[in-house]
1. For the range 374-609, take every pair of Cα atoms, bin their distances at 5 Å starting from 0, and report each bin as a whole percent.
2. For the range 544-666, what's the relative contact order in percent, using C-alpha pairs closer than 8 Å and at least 6 residues apart?
3. With label points built 7 Å along Cα→Cβ from the Cα atoms of residue 597 and residue 756, find their separation and express it in nm.
4. List the GluC sites (Glu not before Pro) within the range 602-709 that DSSP assigns to loop and that have no more than 13 neighbouring Cβ atoms inside 10 Å.
5. Tell me the relative contact order for the range 154-308 as a rounded percent, counting alpha carbon contacts under 8 Å between residues six or more apart.
6. Hey, if you put +1 on the Cβ of every Lys and Arg and -1 on every Asp and Glu Cβ in the chain, which of 690, 209, 671 ends up farthest toward the positive end of that dipole?
7. What does the accessible area per residue of the range 374-609 come to in Å², with a 1.4 Å probe and no ligands, DNA or RNA counted?
8. For the range 385-511, give me the percentage of DSSP beta bridges that are antiparallel, rounded to the nearest 5 percent.
Amino acid sequence: MMASGNPFKSILKTLEKPEGGEFGKYYSLPALNDPRIEKLPYSIRILLESAIRNCDEFQVKSKDVEKIIDWENTSPKLVEIPFKPARVLLQDFTGVPAVVDLACMRDAMNRLGGDSNKINPLVPVDLVIDHSVQVDVARSENAVNANMELEFQRNKERFAFLKWGSNAFHNMLVVPPGSGIVHQVNLEYLGRVVFNTNGLLYPDSVVGTDSHTTMIDGLGVAGWGVGGIEAEAAMLGQPMSMVLPGVVGFKLLGKLRDGVTATDLVLTVTQMLRKHGVVGKFVEFYGEGMSELSLADRATIANMSPEYGATMGFFPVDHVTLQYLKLTGRSDETVSMIESYLRANKMFVDYSEPQGERVYSSYLELNLEDVEPCVSGPKRPHDRVPLKEMKADWHSCLDSKVGFKGFAIPKESQSKVVEFEFHGTRAQLRQGDVVIAAITSCTNTSNPSVMLGAALVAKKACELGLEVKPWIKTSLAPGSGVVTKYLQKSGLQNYLNQLGFHIVGYGCTTCIGNSGDLDESVASAIAENDIVAAAVLSGNRNFEGRVHPLTRANYLASPPLVVAYALAGTVDIDFGTEPIGVGKDGKNIFFRDIWPSNEEVAEVVQSSVLPDMFKATYEAITKGNPMWNQLSVPSGKLYSWDPKSTYIHEPPYFKEMSMSPPGPFGVKAAYCLLNFGDSITTDHISPAGSIHKDSPAARYLMEHGVDRRDFNSYGSRRGNDEVMARGTFANIRIVNKLLNGEVGPKTVHIPTGEKLSVFDAAMRYKSEGQDTIILAGAEYGSGSSRDWAAKGPKLLGVKAVIAKSFERIHRSNLVGMGIIPLCFKSGEDAETLGLTGHERYSIDLPSSISEIRPGQDVKVETDGGKSFLCTLRFDTEVELAYFDHGGILQYAIRNLIDAKH
């Protein structure tokens with residue numbers, strides 16, 4: 001951040017305080033006197049300021065600054081720019097492997113004769129332990145404490161390791177477990193909006209290891225998800241190489257109608273943007289409708305960016321942002337500094353003034369009055385269903401062939417009624433019956449209007465005498481402790497409790513498969529009778545197999561709708577015409593009888609959500625909690641690896657590393673390990689949920705003396721490469737074309753024709769010295785950013801992935817691990833080329849990195865004589881350098897040791 005070597009030091013200005021004195025210095029965009037800047041989207045101005053401030057003519061060059069200023073002309077050409085974010089955000093599942101890698105890098109640095117103390121985050125790192133709550137004690141008042149004890153009992157080793165990291169590495173803040181979910185803590189507490197570092201002012205920007213880092217875009221902070229691998233490089237001061245994105249301008253008009261929630265708006269926006277096509281782009285919201293959107297509503301829309309495919313959904317800072325900063329306890333002095341800086345640097349939107357015309361790559365418009373109540377499902381976030389069409393849509397899903405909108409249930413089985421006994425009571429189960437109803441933490445639970453709206457639904461339902469069936473697993477996992485405070489202040493938490501929506505904890509729950517087991521009687525009734533049971537959750541992910549193995553239909557809905565569906569007990573209902581249940585006086589109760597008006601919701605929000613709640617919640621965070629404070633950890637700067645640990649294990653990435661880069665490699669006569677169709681998610685590649693009892697990972701844990709009840713989840717064991725390699729492609733719903741229609745985590749060992757687990761087949765290929773590749777369809781690697789979805793295949797020996805298209809973060813993670821990403825040419829795929837996956841594949845790449853260009857054509861040949869061209873998806877020169885070094889971390893170590901590089 002030193003100005004001395006910066007070619008733009010002439011535009012370094014002083015920002016005066018309104019009352020006299022100065023806030024500090026800043027790089028002034030208006031001082032460039034370039035008319036093109038006035039037209040730039042606000043999101044692009046943040047990239048521009050970062051490039052100017054970090055310009056050293058080495059990592060960031062003047063020509064990069066010019067590319068960004070000329071965005072209108074350069075962005076259609078997909079030019080590459082470097083970006084240095086102001087900070088990095090980790091959550092514990094990805095934080096553990098990041099700290100493991102930092103610890104390993106220190107060891108490697110030591111071994112290669114460098115100064116291991118140089119391995120420290122060079123930018124601030126915020127690590128939030130938003131422990132995944134296993135909801136095993138739902139429907140009880142002591143759920144929070146019981147889940148917390150369970151978490152510490154299961155994850156003590158992982159937590160202790162992170163506590164060691166917070167002491168061993170400078171520039172790393174660790175937020176202890178039980179404080180809230182990472183995105184929410186970021187929004188309410190960690191988000192700076194504007195940094196003041198040693199008297200230099202600049203916009204906050206953040207990359208995080210969870211794809212929903214984008215929630216912070218609702219606060220006017222540019223942030224998006226990256227893989228753990230990219231985040232680690234950013235921590236070590238490497239610029240992120242990115243393609244200068246197009247920006248979709250999304251104009252909002254009008255205001256939401258009565259009874260329509262922020263979630264309905266989000267699901268509508270998600271569907272519109274998916275249809276428009278925004279992968280790899282920024283979306284920037286503007287228009288007079290913005291003043292009608294609370295910060296929480298904006299954050300909810302921003303949170304869903306991965307579901308509509310954008311890098312971020314950005315809301316520039318305006319008066320609504322400043323009000324929220326005050327509400328959440330930021331000081332008046334801080335808010336004044338933020339407003340002064342952003343106004344001075346033309347990054348503040350004042351809707352009371354005439355709006356200058358900004359240029360966007362394409363335009364969309366939505367009148368908020370047109371939004372109607374809806375849900376999304378049963379298997380994807382962008383398959384929106386208007387509430388009034390839900391019953392018809394459900395029946396069409398039962399009829400349709402198996403797919404994103406189909407279950408292929410024979411007509412005679414669609415109306416069957418399964419009798420079972422639940423704790424001595426006779427009970428029944430039908431197709432579409434709800435067995436999980438979860439107000440889950442990720443997307444909506446920061447939003448007081450939908451949270452208090454859900455509580456008002458519960459109040460009305462309780463007063464009318466409605467109940468939730470006892471076998472429906474209900475839970476409430478707020479994004480932060482503030483929610484508990486305002487639910488209690490409003491007096492409405494009691495009604496949620498009465499219906500079984502007790503607070504179970506403040507972290508990832510049902511969304512990531514952590515709803516705990518269903519009651520055995522319910523599980524048997526579903527499994528033995530081929531019932532398509534439903535889960536309704538207020539999260540953002542509903543991919544098949546993710547929420548729970550026994551819920552084949554999973555719907556995303558607003559928190560108030562989650563309560564309504566729990567009361568109805570089924571998704572097979574038309575809320576407009578059919579009663580939800582029978583009240584205490586024997587009368588039918590309808591949806592309209594329990595739904596609150598917007599005025600009712602606004603009134604309770606106004607009286608219940610107060611600044612002191614945020615202050616008190618976050619003061620408590622900095623003090624930690626007794627369980628965290630009692631963890632004892634070693635004090636050394638180098639970590640003492642415990643070879644017996646099944647949680648923290650030293651991975652082999654740097655074992656053979658020398659100072660010379662290994663150089664690029666081609667692929668010779670490789671076997672196809674797996675052959676996939678479209679939409680293979682990172683959940684398919686590296687599941688985060690429970691470890692199946694018959695899996696290679698379970699076998700490994702049992703061999704190491706771990707009892708089945710202590711397996712925990714793959715997510716919690718991300719610090720152990722042995723478990724994670726065995727968990728790669730271990731999703732129970734994965735469809736591998738080599739298995740001819742069979743579903744599950746197996747593959748065919750081509751030379752022998754044997755059917756093996758993916759891990760066992762991969763190990764056999766490795767032991768025989770055979771390379772492997774993966775064939776895939778469109779959107780390979782969609783879903784959460786998951787570093788193990790790239791690290792796992794690397795450890796299995798996969799050399800290349802040939803797909804129709806890649807999800808942005810996953811492609812970059814494959815590059816970071818030194819795996820070659822290739823795309824079929826437009827209009828081609830494995831099927832059109834007649835590939836079965838039983839062939840052997842050779843990929844012809846030069847042995848010198850200087851002969852390879854980003855995006856060049858590469859010839860792939862099979863042993864059957866077929867050959868076809870693919871596009872090499874190393875998109876930038878920097879990515880080629882990573883490939884040359886064998887991966888991004890190896891590149892960073894060699895850079896730190898050899899400053900001449």
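The values are calculated or read from the model by the stated rules, or taken from the named source; none is laboratory data. In this text the structure is predicted, and so the values were computed from the model without any measurement. For neighbour counting, all protein chains shown are included, and Cβ atoms are generated from backbone atoms with ideal geometry for every residue, glycine included. The area values use the complete protein model at the heavy-atom level, side chains included, leaving out ligands, DNA and RNA. Shrake-Rupley method; radii C 1.70, N 1.55, O 1.52, S 1.80 Å.
1. Calculated over all Cα pairs of the range 374-609, the distribution is 1, 7, 15, 19, 20, 18, 12, 5, 2, 1, 0 percent.
2. Relative CO of the range 544-666 lands at 8 percent.
3. 6.8
4. The qualifying sites are 656.
5. Over the range 154-308, the number comes to 22 percent.
6. After comparing all options, I get 671.
7. 34
8. Among the beta bridges of the range 385-511, antiparallel pairing accounts for roughly 55 percent.
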